[in-house]
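Notes follow once the structure below has been shown.
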Amino acid sequence: MTARIVRWEGDAIPALASAEGDKRSRVTLDLDNATLLPDPAEAMWQLRRAFELRGRHPAEPDLPNFQVRDVVALANFITMALRHDLPTSDRKDTAVIWDKWRTFILRTKPFVLGAVGTRPFPEPFDVHHTLRTLEDDLRIAMRTPGEVARHYCPWAADFFNEERLYPEAG
């Protein structure tokens, strides 16, 4: 089954695309059925494993050989998975997880825009760390609703505004 790589925007997280080169990822991802549930650890392991089979990163031999085009496909897949999965979580946990993911997309964007798709992604550890954090947050949110938000936001009164908790109302 071949995934349709789509440009899609949701919750202020833009779809990513590299500027030139082969834009197709070397790993086929099904965006229409993207999910990280019911077992986020297993889903993330499968994603990491799929990219590890493509080799190791030249600068970071302990990490998968993420090319720019792979990070684009991975980011778009996870964005779609979060759109499918997060409505089942606590609203405050959802706001925190979206905020962490949005921050990753903003950090990633400069490396992707204008980059040749087949070049190694220059920050493989950031991808790895973000996937681990997302996996942990999803697992914790499913096990103990509200726990992710309690650990993330000492400034909770300012962070959990109506726009973050009820984005569909805007």
In region 23-41, which residue that is among the aliphatic types (A, V, I, L, M) and modelled with pLDDT of 80 or more is nearest to Leu74 (Cα to Cα)? Ala34
Of the conditions (1) out of contact with any strand residue (DSSP E or B) (no Cβ under 7 Å at 6 or more places or on another chain); (2) within 23 Å of Gln46 (Cα to Cα); (3) surrounded by fewer than 20 Cβ atoms within 10 Å (Cβ to Cβ), the single one that Arg83 does not satisfy is (1)
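Select, from Phe66, Phe104, the only residue that is modelled with pLDDT of 85 or more and either closer than 17 Å to Met44 by Cβ or touching a helix residue (DSSP H, G or I) at 6+ places or on another chain (Cβ under 9 Å) (or both).
Details: Phe66 fails: modelled with pLDDT of 85 or more.
Going through Phe66, Phe104 in turn, the sole match is Phe104.
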For region 109-151, which residues satisfy the criterion of being assigned to a loop (DSSP other than H, G, I, E, B) and in contact (Cβ under 8 Å) with a residue 40 or more places away in the chain? Leu113, Gly114, Ala115, Gly117, Thr118, Arg119, Phe121, Pro122, Pro145, Gly146
Say whether the condition of being within 19 Å of Leu47 (Cα to Cα), surrounded by fewer than 21 Cβ atoms within 10 Å (Cβ to Cβ), modelled with pLDDT of 90 or more and touching a helix residue (DSSP H, G or I) at 6+ places or on another chain (Cβ under 7 Å) is met by at least one residue in region 112-122. no
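The values are calculated or read from the model by the stated rules, or taken from the named source; none is laboratory data. All of these numbers come straight from a predicted model, not from anything done at the bench. Note: ideal-geometry Cβ built from the backbone for every residue, glycine included; neighbour counts use all protein chains shown.
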